[in-house]
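Asker: Before we start, here is the structure in question, set down as structure tokens.
The values are calculated or read from the model by the stated rules, or taken from the named source; none is laboratory data. Treat the numbers as computed from the prediction; the structure is a model and nothing was measured. Reconstructed Cβ throughout: ideal geometry from the backbone, glycine too, with neighbour counts over all protein chains shown. Just the protein is used for accessible areas: all its heavy atoms, side chains included, with ligands, DNA and RNA removed. Shrake-Rupley method; radii C 1.70, N 1.55, O 1.52, S 1.80 Å.
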Amino acid sequence: VIGEGMEQSDLQFNLIAERMSDENLPNLVIDTFRYYYDKLVSGSTGMISEEDIVPVPEVPNMIMLPEELRASGIQVLDQTVIIKLNGGLGTSMGLEKAKSLLTVKDGYSFIDIIAHQAIMEGVPLILMNSFSTEGDSLKALEKYPQLKRELPLSFVQHKVPKIAVEDFSPVLWEKNPELAWCPPGHGDIYTALVTRGTLEALLEAGVKYAFVSNADNLGATLDRLLLGYFAENDFPFMMEVADRTEMDKKGGHLAMRRSDGQFVLRELAQCPEENLEEFQDIERHKYFNTNNIWLNLEALQKALVEQEYRLELPMIRNQKTVDPRDESSAP
């Protein structure tokens, strides 16, 4: 029976690969999607149980960092880029355009304020857009000629087919064919940086450090002290975390794998129902992910080459309806 099931999934994936190829998606994207599709079909849930992790006792506190690191940060500003994750449409709010085009204050949208922040820092700004937000977002930035540099102003994350819960087939939705596709999540940044040529362009331009954050987090500005800390220690990756409050009980938290002490991030969708009480215990799991991350692009390139361009990040199984505005549409 297992053999028959796997044979059926191979047939389904052939359909998926064909559709992805028809959309001109690179082979690397198709191969990466196959890795997660096989996990899904084999019954993997992506769950991280409380038994598999231990709480993080303490992390370095920003206010304890020596002020002289700020000077180190200033020295490497010309090797730094700001990347804003700007793929969200805000469908849950009834929007059909990029969420970052919402007006925040005094006629300024999220994307206006982001542009001003980048101009004030004197650091290149690059948007990671989705296929749904690319056009509108770049049009909104046309009023800021100061942002134009040799580097691209954006790169587009990929799209992947939605998979039917019933039989793991690629969803077809004749009412609106675009709804049969979805962005694969922020983890796609690593694949998209490669396939769009952006990582190569950044390295060729002498850019070593990237500050990555969500477009709807206007508090996520490039901090020169943290940049100095990151550069001086030659870290490959750094993530900003903050103390969890009662408001953050449902957000992802930092933990450590019991097996090897490796840091992991556990999202609510990865928490078994029987562990919800521990997940929401802010005294036990004290730190939440702000999704402000720092990448050493040279280290990223090295890791990608060594791992044949697939980082094998954890899978998150996210069940929705094909049309997020229509709860009666297919799961």
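Asker: Quick check on the range 166-198: of everything there that is at positive phi and out of contact with any helix residue (DSSP H, G or I) (no Cβ under 8 Å at 6 or more places or on another chain), which residue is surrounded by the most Cβ atoms within 10 Å (Cβ to Cβ)?
Answerer: G185
Asker: Specify which of the listed residues (F235, F211, F230) is modelled with pLDDT of 95 or more, closer than 18 Å to I189 by Cα and either buried (at least 18 other Cβ atoms within 10 Å of the Cβ) or not charged (D, E, K, R) (or both).
Answerer: From the options F235, F211, F230, the qualifying one is F211.
Asker: Another one. So in the range 84-133, with the set limited to residues that are open to solvent by 50 Å² or more (accessible area, probe 1.4 Å) and under 16 Å from the mean Cα position of the chain (by Cα), which one is modelled with the highest pLDDT?
Answerer: If we take residues in the range 84-133 being open to solvent by 50 Å² or more (accessible area, probe 1.4 Å) and under 16 Å from the mean Cα position of the chain (by Cα), then K99 is modelled with the highest pLDDT.
Asker: Among F263, F279, which is open to solvent by 40 Å² or more (accessible area, probe 1.4 Å) and either modelled with pLDDT under 95 or out of contact with any Phe, Trp or Tyr (no Cβ under 9 Å at 6 or more places or on another chain) (or both)?
Answerer: F263
Asker: While we're looking at this one, here's another question. Among the residues of the range 141-153, write down those that are in contact (Cβ under 8 Å) with a residue 40 or more places away in the chain and surrounded by 14 or more Cβ atoms within 10 Å (Cβ to Cβ).
Answerer: L151, P152
Asker: Has the range 56-78 got any residue that is within 20 Å of the chain's Cα centre (by Cα) and outside any loop (DSSP other than H, G, I, E, B)?
Answerer: no
Asker: Here's a check for you: in the range 48-69, which residue that is touching a helix residue (DSSP H, G or I) at 6+ places or on another chain (Cβ under 6 Å) and buried (at least 17 other Cβ atoms within 10 Å of the Cβ) is nearest to R317 (Cα to Cα)?
Answerer: Among those that are touching a helix residue (DSSP H, G or I) at 6+ places or on another chain (Cβ under 6 Å) and buried (at least 17 other Cβ atoms within 10 Å of the Cβ), it is I48.
Asker: Also, quick follow-up: Among the helices (runs of 4 or more DSSP H) lying completely within the range 141-254, list those that include at least 2 residues that are more than 30 Å from E308 (Cα to Cα).
Answerer: Counting at least 2 such residues, we get 224-233.
Asker: OK, next. Give all pairs with beta carbons closer than 9 Å in which a residue from the range 12-31 that is on the phi > 0 side of the Ramachandran plot meets a residue that is exposed (fewer than 14 other Cβ atoms within 10 Å of the Cβ) and not acidic (D, E); count only pairs at least 6 apart in sequence or on separate chains.
Answerer: Close Cβ pairs (under 9 Å, with a partner that is exposed (fewer than 14 other Cβ atoms within 10 Å of the Cβ) and not acidic (D, E)) do not exist here.
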